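Student: Structure in C-alpha cells, see below.
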Amino acid sequence: MVGDRPREVCPACGTIFYQNPLPAAAALVLDTDRRVLLVKRKHPPNEGMWCLPIGFAETGETIAEAALRELREETGLVGRVYRLIDADSWRSTYYGDLLVVTFEVEKTGGVETPGDDAAAVAYFPIDELPPLAFPSNEKAIRLCGDLHRDERAIHDSFRQLQE
C-alpha cells in the first residue's frame, strides 16, 4: 500500500509505478445554425457510431493542441480553441480509465471532409443527436448548449423583432 491504494513498487529501488488515466481531447464545433459537428467512427471502439472529433494527446503537445490536431485529422477543419467546456473521467471497457477534456472550438478554415478515423462528418442539431459513442461527449454537448442558452434566446428575440 502506498498512500491509500495498492501500487506496484520496484523492490530494488522503491520506485512507485503510478497508473494514470489516458488523456484524450475533444473538439466541439458549432455552426451558425447551432448544430454540432460530429464524426462517424471508422474504427473500434464503437465503430459506426457518432462522436465529437476526439483522440489521445501525444507527448509534446498540450491538451488544447491535441483537440485541434484531432479536429484537423478527422474533419479537415482548422480551428481555434474558444473555451474549455468540460473535463470528465470515465472508465472505458476498451481503453481503461480516461480523462476526456473537451474544448469549444471556432472553425477558422478548412472544408468538412472525413479524415483518418472518420467514415463521415455531419452537423446535427443539439437537440436531435444520434446515439453517441462516448458519455463524455453527451455531457459536453449538453453543457455547451446550456452555456449558449441565453445567447440563443437573445438572438432569437432579435430575429423575431426583425420579422
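Student: Find the strands (runs of 3 or more DSSP E) located wholly in region 1-102 whose residues include 2 or more that are polar (S, T, N, Q) and touching a strand residue (DSSP E or B) at 6+ places or on another chain (Cβ under 9 Å), and list them.
Tutor: The strands (runs of 3 or more DSSP E) meeting that bar are 77-92.
Student: Is at least one residue of region 36-43 free of Cβ contacts under 8 Å to residues at least 12 places away in the same chain and at negative phi?
Tutor: No, there is no match, as no residue in region 36-43 is free of Cβ contacts under 8 Å to residues at least 12 places away in the same chain and at negative phi.
Student: Under 9 Å by Cβ, and 6 or more places apart or on different chains, what pairs join a residue from region 8-25 that is within 15 Å of SER92 (Cβ to Cβ) with one that is open to solvent by 100 Å² or more (accessible area, probe 1.4 Å) and of a type in the set (Lys, Arg)?
Tutor: If the second residue must be open to solvent by 100 Å² or more (accessible area, probe 1.4 Å) and of a type in the set (Lys, Arg), the pairs left are PRO21/ARG91.
Student: Please go through region 103-120 and pick out each residue that is in a strand (DSSP E or B) and of a type in the set (Gly, Ala, Ser).
Tutor: GLY109, GLY110, ALA118, ALA119, ALA120
Student: Select from region 105-163 the residues that are charged (D, E, K, R) and modelled with pLDDT of 95 or more and list them in ascending order.
Tutor: Of everything in region 105-163, those that are charged (D, E, K, R) and modelled with pLDDT of 95 or more turn out to be GLU106, LYS107, GLU112, GLU128, GLU138, LYS139, ARG142.
Okay, residues lined up against (1) within 13 Å of ARG34 (Cα to Cα); (2) over 13 Å from the mean Cα position of the chain (by Cα); (3) not basic (Lys, Arg):
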{"residue": "ASP88", "(1), (2), (3)": "no, no, yes"}
{"residue": "THR93", "(1), (2), (3)": "no, yes, yes"}
{"residue": "VAL100", "(1), (2), (3)": "no, no, yes"}
{"residue": "ASP116", "(1), (2), (3)": "no, yes, yes"}
{"residue": "PRO125", "(1), (2), (3)": "yes, yes, yes"}
{"residue": "PRO130", "(1), (2), (3)": "no, yes, yes"}
{"residue": "ASP146", "(1), (2), (3)": "yes, yes, yes"}
{"residue": "ARG149", "(1), (2), (3)": "yes, yes, no"}
{"residue": "GLN162", "(1), (2), (3)": "no, yes, yes"}
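Student: Quick one: is GLU58 touching a helix residue (DSSP H, G or I) at 6+ places or on another chain (Cβ under 7 Å), at pLDDT 95 or above and farther than 22 Å from ASP33 by Cβ?
Tutor: Taking the combined requirement at face value, the residue satisfies it.
Student: Moving on. Which condition does THR108 not pass, out of (1) under 18 Å from CYS144 (Cα atoms); (2) exposed (fewer than 13 other Cβ atoms within 10 Å of the Cβ); (3) touching a residue at least 24 places away in the same chain (Cβ under 8 Å); (4) among the hydroxyl-bearing types (Ser, Thr, Tyr), if it passes all the others?
Tutor: Exception for THR108: condition (1).
Student: Could you check, for region 31-47, whether at least one of its residues is of a type in the set (A, V, I, L, M) and open to solvent by 50 Å² or more (accessible area, probe 1.4 Å)?
Tutor: No, that holds for no residue.
Student: Check whether at least one residue in region 70-84 is buried (at least 17 other Cβ atoms within 10 Å of the Cβ) and modelled with pLDDT under 95, and report yes or no.
Tutor: The answer is no; no qualifying residue exists.
The values are calculated or read from the model by the stated rules, or taken from the named source; none is laboratory data. This one's a predicted model, so the numbers in the text were calculated from it and none came from an experiment. So basically every Cβ, Gly included, is an ideal-geometry build from the backbone, and we count neighbours across all protein chains shown. What goes into the accessible areas is simple: the full protein's heavy atoms, side chains included, and nothing from ligands, DNA or RNA. Shrake-Rupley method; radii C 1.70, N 1.55, O 1.52, S 1.80 Å.
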